[in-house]
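Notes for the one structure printed next.
Quick note: the coordinates plus some simple rules give every number you see, no bench work behind them. Every value quoted in this text rests on a predicted model; they were computed, and no experiment measured them. Cβ placement follows ideal geometry from the backbone for every residue including glycine, while neighbour counts extend to all protein chains displayed.
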Amino acid sequence: MSPWTQQLAGRFLAFEGPDGSGKSTQLSRFLAWARVQGLAVVEVREPGGTAVGERIRDLLLDPENTDLTARAEMLLYMSSRAQLVETIIQPALQSGALVVADRFVASTCAYQGTAGGVPMHDILRTAEVATGGCWPDLSIIFDVDERTAAGRLNPLLDRMEQKGAAFHRRVREGYHLLAQQRPDDMVLIDATVDEDTVFERLLEVLQSSVGVTKTTSH
Ligand code: TMP
């Protein structure tokens, strides 16, 4: 294992981005790559990742739940997250594994905050309670324009994907704001280009970040 790859052990990464960003494809590629490097990797997804979390996911993504308010939605995401952090993420980090999350708090900031209108202050203090201060060392945001994202989506849209173009435009703006406000632990990658180029860029970003990211309170 090369020295920089070794430094990924015990780190916590979150893969983020609007629906249709290609994040999940990059995540599967990255997991395969990390395992070939000999890293112990634990993969989690949000919402979900635990038995109770998957039930919360079903509630959140069910297109029939049209009357969920943004605050109720936010609390359900946080509830799933609390279960995931305590039962899976914390123990994995303590064992020295690399934890890779398909979405985390940045999603709540972009979707329920910037796009959904829940004040950022409320989201952050709820996140503090839900995570007990366990934050990703780095959140990698796969950035795509609306048209590219729409072309990558499965035509059977879930409840969040059905929220319409204006909502998803604000989600993207939310991610841009986060990357500007928190350059130390949020990074944007242009995900409109081909898959191989995005993956190369991802490895470059990780390589340059491992030397400088500080280990957070997990
Ligand atoms: P996925 O399609 O990437 O699995 O994500 C599920 C959906 O949930 C996606 O539309 C983003 C949304 N979401 C939020 O709105 N807030 C959150 O905190 C999380 C984790 C996901």
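The charge dipole of segment 1-123, taken about the Cα centre with unit charges on the Cβ atoms of Lys, Arg (+1) and Asp, Glu (-1), comes to about 540 debye, rounded to the nearest 20.
For segment 1-105, the relative contact order is 48 percent, taking Cα pairs closer than 8 Å that sit 6 or more residues apart in sequence and dividing their mean separation by the residue count. Each label point is 7 Å from the Cα along the Cα-to-Cβ direction; what then is the distance between the points at T87 and R55, in nm? Between T87 and R55, the simple spin-label model gives 1.0 nm.
Calculated [222 nm] ellipticity per residue, helices only, for the chain: -14500 deg cm²/dmol; basis is -39500 (n - 2.57) per DSSP H run with n ≥ 4, divided by all residues, nearest 500. Across segment 1-23, the residues whose backbone nitrogen lies under 16 Å from the label position 7 Å along the beta-carbon direction of Q94 are 10-11. Using C-alpha pairs below 8 Å separated by at least 6 residues, the relative contact order for segment 57-194 is 33 percent.
Placing unit charges on the Cβ atoms only, positive for Lys and Arg and negative for Asp and Glu, gives segment 3-209 a dipole magnitude near 200 debye about its Cα centre. Using only Cα coordinates, the Kirkwood hydrodynamic radius of segment 3-209 works out to 17.2 Å. Could you tell me which of L188, T131, L76 has its Cα farthest along the dipole of the chain towards the positive end, charges placed at Cβ (Lys, Arg +1; Asp, Glu -1), taken about the Cα centre? About the Cα centre, the residue reaching furthest to the positive side is T131.
Here's how it looks for A40: its modeled amide H is under 5 Å from those of L98, which are all 5 or more places away or on a different chain. Ranking F104, Q162, L60 by how far each Cα lies toward the positive end of the dipole of the chain (charges on Cβ) leaves F104 at the top. With the simple model of a label 7 Å out from the Cα in the direction of the Cβ, R35 to W4 spans 2.4 nm. Membrane-span-like helices of the chain, defined as complete DSSP H segments with a Cα extent of 18 Å or more along the helix axis and a mean Kyte hydropathy of at least 0.0, are identified as 70-84, 195-210.
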